[in-house]
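Worksheet: one structure, shown below.
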Amino acid sequence: MSGRLAGAVLGIDPGTRKCGYAAVAAARATPLELGIVPTEELAERLAELAARLPLRAVALGGGTHTGAVASLLGALGVPVHVIDERETTLLARRRYFEVNPPTGWRKLIPRGMLLPPRPIDDFAALLIAERLLEREQAALGGLPSHPPD
């Protein structure tokens with residue numbers, strides 16, 4: 001078996017007002033889809049994503065509003081894995097600035113002190129999806145995984 005499974009993993013960072021989502025085929029790969037939607041629009045967006053992308057699993061962040069969002073995921077017909085989302089906000093900020101390096105005078109400020117100019121729930125969702133991918137890779141004999149959830 002190859003170290004890569006077919007289909008994308010959809011990461012979701014659930015929230016009471018908004019949810020981040022990211023579809024990715026491999027850890028640290030360019031996301032196939034990345035976005036943030038109001039929570040009440042999530043079901044519609046997920047249906048649209050599932051129609052366009054071959055999804056094989058959902059990585060759902062195990063934090064705020066997980067239960068309510070989990071109830072929407074049954075319609076996708078793919079396995080849902082609740083993933084520990086500890087430190088994803090801090091790590092998402094770091095990833096945001098890797099993808100969007102500061103420019104102008106903001107380059108002079110240490111990145112740890114910078115705040116992104118927009119919400120980064122989509123980058124948190126990306127990290128949640130990558131945690132599931134890394135766990136799968138470890139199970140296939142690859143990279144070490146994050147601790148169990």
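Counting the residues of region 11-38 that are touching a Cys at 6+ places or on another chain (Cβ under 7 Å) and over 25 Å from V99 (Cα atoms) gives 0.
Do the conditions hold for D121, that is, is it under 16 Å from the mean Cα position of the chain (by Cα), among the acidic types (D, E) and within 20 Å of T30 (Cα to Cα)? For D121, the condition - under 16 Å from the mean Cα position of the chain (by Cα), among the acidic types (D, E) and within 20 Å of T30 (Cα to Cα) - is met. Pairs are defined by a Cβ separation below 8 Å, a sequence spacing of at least 6 or placement on different chains, a first member in region 46-68 that is free of Cβ contacts under 8 Å to residues at least 60 places away in the same chain, and a second member that is assigned to a helix (DSSP H, G or I) and polar (S, T, N, Q); the pairs so defined are H65/T39; A68/T39.
Is there a residue in region 128-140 that is over 21 Å from A8 (Cβ atoms), without any contact (Cβ under 8 Å) to a residue 24 or more places away in the chain and either assigned to a helix (DSSP H, G or I) or touching a Cys at 6+ places or on another chain (Cβ under 7 Å) (or both)? Walk me through how you get there before you give the answer.
The initial filter retains those residues of region 128-140 that are over 21 Å from A8 (Cβ atoms), namely none.
No.
For region 74-93: of the residues being among the hydrophobic types (A, V, I, L, M, F, W, C), over 15 Å from the mean Cα position of the chain (by Cα) and assigned to a helix (DSSP H, G or I), which is surrounded by the most Cβ atoms within 10 Å (Cβ to Cβ)? That would be L76.
Being surrounded by 15 or more Cβ atoms within 10 Å (Cβ to Cβ), of a type in the set (G, A, S) and at pLDDT below 95 is the filter here; which residues of region 27-56 pass it?
First pass over region 27-56, keeping only residues surrounded by 15 or more Cβ atoms within 10 Å (Cβ to Cβ): 27, 31-37, 39, 42-43, 45-46, 49-50, 53, 55-56.
In the following step, the residues that additionally are of a type in the set (G, A, S) were identified as 27, 35, 43, 50.
Listed by number, the residues that qualify are A27, A43, A50.
Taken over region 100-121, residues that are without any contact (Cβ under 8 Å) to a residue 24 or more places away in the chain, surrounded by 11 or more Cβ atoms within 10 Å (Cβ to Cβ) and in a helix (DSSP H, G or I) amount to 2.
The values are calculated or read from the model by the stated rules, or taken from the named source; none is laboratory data. Quick caveat: nothing in here was measured; it's all calculated off a predicted structure. Neighbour counts are summed over all protein chains in view; Cβ atoms, including those assigned to glycine, are modelled from backbone coordinates with ideal geometry.
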